[in-house]
Amino acid sequence: MNIRDLIKKFLPQYQSENSELEIQLILSQAMNQSRTWILTHLDAPLSSGQIDSATQAFARLKAGEPLPYILGGWEFFGFNFEVNEHVLIPRPETELLVEKAISYLKNNPDKRNLIDVGTGSGIIAISIAKHISDVRIIATDISPKALDIAKRNAIKHNVANQIEFVECDLIPDHRPLTADRPENLSAVRHPSSIDFICANLPYIPTQTLHELKIYGKEPTLALDGGEDGLDLYRKLFSIVSKNDNHFNKLNNLVWLCEVEATQGISATNLAKEFFPNAKVNLHQDLAGKDRLIEIIL
């Protein structure tokens, strides 16, 4: 059986907006070839092992498993990242946050201590580190399984020396350093101050999430933002506002927070509630939807 015949066999069994593309990517993985190669070699024969591999992957796709989990990786910001059921699938709208962060850091070479809150697979921290070679990043997540993936991605992209991954609820313990606490604190994890915060926290309102196709397919822990979708941001803002001694005394601290498209105004108001003296900007993604709040203290 050749590639063309297998595609013809699969297509009638699976209908989606991108069914042909998804099948091509499955065949690309099964044959360890690029999608371009697949498209230009439709008459190439497949071995029995390749047919079995593609058939098993296709069965998972028909059963509703997201394609990136089947492939074991997905592209973000020009890089391929390992993903599985323990982390969110990277979305293109998150690239806006990364672009803004890189631009700010390039224009402010004195700002090099960053925290990526809720790192997941590490796409934000790693993409920034790939472009800013001297940035120091603390990347946090409450899920140890997500952090395992993020660590592997950092090693894969040769930026593990720039990032320390910390398992915690939002931010690590920022108690002042004392004589009995110095030896286990690395320079990366505990820089003298944090001057840049990135956060892509769960922001889908609970009821809305339960009505989405992704519910039950991607980790609820990384999606559910509570009743109004802002529970985690409310908690994070509260923590940081009470720890000003460890966040550059809240002077010139810059935040970038991704939000749900309907939350632009409410998220902006929430930021102003906790940081009344801050300048808060709302940015839209390429689709023109509210996507990012920028907080400058």
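One table, with the values for the structure above:
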{"read-out": "Out-of-range pairs (alpha-carbon distance over 26 Å; input Lys100/Lys272; Lys100/Lys145; Lys8/Lys62; Lys100/Lys289)", "value": "Lys100/Lys145"}
{"read-out": "Potential extension, Cys168-His210 segment - 0.36 nm per residue separation minus Cα distance", "value": "12.5 nm"}
{"read-out": "Taking Ile123, Ile23, Ile194 and counting other C-beta atoms within 10 Å, the order from fewest to most", "value": "Ile194, Ile23, Ile123"}
{"read-out": "Rg to Rh, two decimals, where segment 3-64 supplies the alpha carbon set and Rh follows Kirkwood", "value": "0.92"}
{"read-out": "Convex hull of Cα atoms in segment 49-142, direction-averaged projection (nm²)", "value": "7.4 nm²"}
{"read-out": "Where labels lie 7 Å past Cα in the beta-carbon direction, separation of Ile142 and Arg112 in nm", "value": "3.4 nm"}
{"read-out": "Surrounding net charge for Glu95, when Lys and Arg each add one and Asp and Glu each subtract one, Cβ distance under 11 Å", "value": "-2"}
{"read-out": "DSSP-defined antiparallel bridges as percent of all bridges, the chain, nearest 5", "value": "45 percent"}
{"read-out": "Convex hull projection area averaged over all views, the chain, Cα basis, nm²", "value": "17.0 nm²"}
{"read-out": "Distance-filtered residues of segment 10-41 - backbone nitrogen under 18 Å, label point 7 angstrom along Arg4 Cα→Cβ", "value": "10-12, 20-21, 24, 27-28, 36-41"}
{"read-out": "Cβ-derived FRET efficiency at R0 35 Å, Ser241 paired with His41, nearest 0.05", "value": "0.05"}
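Read the figures in this text as sums done on the coordinates, not as results from a lab. All of these numbers come straight from a predicted model, not from anything done at the bench. Quick reminder, even Gly has a Cβ in these numbers, built from the backbone with ideal geometry, and neighbours come from all protein chains shown.
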